[in-house]
Amino acid sequence: MESKFLQHETLHVDALRLLRQLAPSTFVDALALAAISFTLCAYLLRGYAWERPDPHQHLWFERPQAAGVEGCSGKATTRNITEKAQELGKDVIIFWGSQSGTAESFANRLAQELPRRFPLKAMAVDLSDYDPDTIALLPPTKIAVFILATYGEGDPSDNACSFCDWLARIKENTLSSLRYAAFGLGNSDYQHYNRVVDRVTAGLARCGAESLMPVGKADASSGTTEEDFLSWKENLCDVFRERLGFAESSGGLETRHELAFKVVEDDSLDLSDLHTGQPVHVPDSGKSGSNSQIRPLKIKGSRELFTSSSRNCLHIEFDISSAPELTYKTGDHLAIWPINPDQEVDRLLTILGLSEKRATPILISALDPAIKVKIPSPTRIDALFRYYLEVGAPVSRDSLQGLASFAPSPATKEFLLSISRDRDTFADFTSRTHATLKHNLTTCA
């Protein structure tokens, strides 16, 4: 013990001797040491005690259209869907899980139609925009509708993964106050046909939620997805009318039309401020999946896999060597950035009386805060019709019914209603005519 004590005492003396040697011997040495210490502290505290970053600094470097894209992303101000529904006064919340956009389109259409037919206010909701556990807070006075797609090996869409995971682990009777209807999109050619909507409705039943009607299902293999949705939608309207006691407007779809968007012409905008058709990449922050950058690719070759009078199935090979940042693995989805044909766009602008204003800059905003504006704004009228609106595909049957309200004459109105009144008549009409929006407006003119 004595030797250890002596050893520690020797080390202590050596340390004191070293400190005496390092201590500043003159006033100049002390001043230099103080300056070095101050500089070191200032460097370490930079960004904390001084020169804090300006949270709005990035705005100096944003182009106006970049801000517009963020504004169009529709990020929810709250993650609580019950609070949001109460804030906006919505009675029906239509949750969608979509991979290719079809389920999202159906949800948006249903959200627009229900208020026209019933004294209800509806909103379409991206499942990833809100916390799943807040769905359990919805009171019985609110009605939930789930429109869910199945893709891959029976998987939910990227934006529905968190909801499905949450539903699988919550306790029984957690959703006893929830009333709902559900519709699924799938393909019976695959093994797990409409697996997602089946699992979701089973989970909802386990947790005590009340189903208002049988589950609807669309089968893409038979090419009847649109008609399957329309049939289920009419059954849903029957439930609102007969079971829930909501009075339907006497004119049905033709009763009233409420504007969803506001379009303002603004000649003060510079060309550099506008979206003129260039692909805009919006990061999928907060979602399970992610999208690659959008790049032009060459087609190496294509061929028909089989011949059919009702559909085409193509094998197409893309050359990605010019874009090394792009990767592809089995199960990835390829999306095409489409451009509408010039003659289709020009004719449509002429019919609508917009030919002289085709280069006019416009600003697009939603009149309902629950609606997401998916079109980049600001843009030009010709860019809107060429790049951002679907004008080359056949018009759906319920779109024709809505168009009948604006027919210029009783004869035209009767014609539109006659071809869209039932699925068989409409199917016969579309088999003989590629009824695009331009074609139908030309017919009605």
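Only the coordinates and a few stated rules stand behind these numbers; no lab work does. As the structure is a prediction and not an experimental result, all values here were calculated from the model. Note that we place each Cβ from the backbone using ideal geometry, even for glycine, and neighbour counts take in every protein chain shown.
Observations, loosely collected:
- Whole-Hz couplings from phi, Karplus 6.51/-1.76/1.60, listed for segment 229-241; x for Gly and Pro: 5, 4, 5, 5, 4, 5, 5, 5, 5, 4, 5, 4, 7
- Size-normalised alpha-carbon gyration radius of segment 73-254, reference 2.2 N^0.38 Å: 0.97
- Ordering His333, His275, His315 by the number of other Cβ atoms within 10 Å of each residue's own Cβ, fewest first, gives His315, His333, His275.
- Tail fraction, Cα-Cα pairs, segment 354-398, threshold 12 Å, whole percent: 68
- Using 0.36 nm per residue and subtracting the Cα-Cα separation, the extra length available between His315 and Ser211 on full extension is 33.3 nm.
- Qualifying lysines (Cα of each under 24 Å from Cα of Lys142; at least 8 residues distant if same chain): Lys75, Lys84, Lys90, Lys121, Lys171, Lys217, Lys233, Lys372
- Calculated FRET efficiency for the pair Thr327/Gln86, C-beta based, R₀ 41 Å, to 0.05: 0.40
- FRET efficiency estimate (nearest 0.05) - Cβ-Cβ, Phe27 to Gln278, R0 56 angstrom: 0.25
- Segment 78-157: C-alpha gyration tensor shape, a/c 1.5 cut-off, then a/b vs b/c: oblate
- Model label points for Leu259 and Ser405, set 7 angstrom from Cα along the Cα-to-Cβ axis, are 1.5 nm apart.
- Subtracting the Cα-Cα distance of Ala35 and Thr430 from 0.36 nm times their residue separation leaves 133.8 nm of extension gain.
- If R0 equals 25 Å, the separation of the Cβ atoms of Glu390 and Arg243 corresponds to a calculated FRET efficiency of about 0.10.
- Checking the cross-link pairs Lys413/Lys438; Lys357/Lys438; Lys374/Lys438 against a 20 Å limit on the alpha carbon distance flags Lys374/Lys438 as lying beyond it.
- Length added when fully stretched, Leu354-Ser418, from 0.36 nm per residue minus Cα-Cα: 20.1 nm
- Nearby lysines by direct alpha-carbon distance to Lys298 (threshold 24 angstrom, same-chain neighbours under 8 apart not counted): Lys329
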